[in-house]
1. Could you list, in sequence order, the residues of region 154-182 that are open to solvent by 50 Å² or more (accessible area, probe 1.4 Å), in a loop (DSSP other than H, G, I, E, B) and touching a helix residue (DSSP H, G or I) at 6+ places or on another chain (Cβ under 7 Å)?
2. Filtering region 17-39 down to residues that are open to solvent by 30 Å² or more (accessible area, probe 1.4 Å) and within 24 Å of Leu186 (Cβ to Cβ), which residue is nearest to the chain's Cα centre (by Cα)?
3. I'd like the full set of residues that are open to solvent by 10 Å² or more (accessible area, probe 1.4 Å), on the phi < 0 side of the Ramachandran plot and in a loop (DSSP other than H, G, I, E, B), limited to region 108-152.
4. Could you check how many residues of region 203-242 are farther than 28 Å from Gln178 by Cβ and either free of Cβ contacts under 8 Å to residues at least 40 places away in the same chain or hydrophobic (A, V, I, L, M, F, W, C) (or both)?
5. Among what's in region 1-16 and is open to solvent by 30 Å² or more (accessible area, probe 1.4 Å) and touching a Ser or Thr at 6+ places or on another chain (Cβ under 7 Å), pick the residue that is nearest to Ser93 (Cα to Cα).
6. Take region 208-234 and flag every residue that is farther than 17 Å from Tyr157 by Cα, open to solvent by less than 40 Å² (accessible area, probe 1.4 Å) and among the polar types (S, T, N, Q).
7. Just give me the residues in region 21-48 being farther than 20 Å from Leu6 by Cβ and in a helix (DSSP H, G or I), in sequence order.
Amino acid sequence: MIQHKLAAQLFTVRNELKQDFIYTLKELRKMGWTAVQIDGLHGNDPAEIAAVMQEIGLRTAGMHVGLERMKNDLDQVIIEADLFGTPDMICHSLPDEHKNEEGYLYVRRELRKVSAIVSPKGYRVGFHNHDWEFHTMMEGQYALQYLLEYDEATPVYAEIDTYWVKKADLDPLTIIRQYAHRMPILHFKDMTNDEQRYFAEIGSGTIDFAPLLQWGEKNGVEWYAVEQDYCPGSPMDSLESSLNYLNTLIKTL
């Protein structure tokens, strides 16, 4: 069932997690989420959090991990991946100094180095885009395409974010089609239908998610991670609205 592939990206509720991580997880589970995507533990013990998630029936749709942590703390990252039962460690963002041609050369090289270590052990290294990877061209293609060029020995998987593709004035469906069976996690994020083009609850903005779901089901997407960077009110309310919309949409497919 597609419903069981929906996951809440925990960056959405980062402030709530800082107040009470375990309570927030339990509230997400009550809301109907069956999976979450990890985005930092805010000082909590990973073993304790993993145990709570197992107890309440929350699965893990990958972990967002900074590139420098992948490089310098990889053993612990692997320990956490094992605790949470996920093979996926995704580079979630880049510092400003890497948002240029030299930086992308570095990022591609370092992600492949990490992949060379972990891929033989069954883990997957991924990259989550923003709009800036479409602002730089590398060897006649977008920097994002350059970062994600397929290498069988050191694969780097796509985690395409629908909002940021739209922010770059591109079509999300066109972009994700380039990564069939190379994108275990797809990021669902909507955009307001106004000049501000800001973050919106799924189904309330300008992005059509039906064809994205249909494509994903045919092309190897394992998780649809719902994220809203900033919410007009309660992030929990925003996640509930997005979940309700997607559950309704899925019934029509």
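The values are calculated or read from the model by the stated rules, or taken from the named source; none is laboratory data. For clarity, every value in this text was computed on a predicted model and none was experimentally measured. All Cβ positions, even for glycine, are placed from backbone atoms using ideal geometry, and neighbour counts span all protein chains on display. We work out accessible area using only protein heavy atoms, side chains counted, and drop any ligands, DNA or RNA first. Shrake-Rupley method; radii C 1.70, N 1.55, O 1.52, S 1.80 Å.
1. Within region 154-182, no residue meets the criteria.
2. First pass over region 17-39, keeping only residues open to solvent by 30 Å² or more (accessible area, probe 1.4 Å): 18-20, 22-23, 26-27, 29-32, 39.
With within 24 Å of Leu186 (Cβ to Cβ) added as a condition, the list becomes 29, 31-32, 39.
Values: Arg29: 19, Met31: 20, Gly32: 19, Asp39: 9 Å.
Within region 17-39, the match that is nearest to the chain's Cα centre (by Cα) is Asp39.
3. Of everything in region 108-152, those that are open to solvent by 10 Å² or more (accessible area, probe 1.4 Å), on the phi < 0 side of the Ramachandran plot and in a loop (DSSP other than H, G, I, E, B) turn out to be Tyr123, His130, Asp131, His135, Thr136, Glu149, Tyr150, Asp151, Glu152.
4. Residues meeting the conditions: 8.
5. Glu16
6. Of everything in region 208-234, just one residue is farther than 17 Å from Tyr157 by Cα, open to solvent by less than 40 Å² (accessible area, probe 1.4 Å) and among the polar types (S, T, N, Q), namely Gln228.
7. Step one: of region 21-48, the residues farther than 20 Å from Leu6 by Cβ are 21-23, 40-48.
Those that are farther than 20 Å from Leu6 by Cβ and in a helix (DSSP H, G or I): Phe21, Ile22, Tyr23, Pro46, Ala47, Glu48.
Conditions tested, residue by residue: (1) under 22 Å from Glu97 (Cβ atoms); (2) without any contact (Cβ under 8 Å) to a residue 40 or more places away in the chain.
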residue: Thr136; (1), (2): yes, yes
residue: Tyr150; (1), (2): no, yes
residue: Tyr157; (1), (2): no, no
residue: Asp169; (1), (2): no, yes
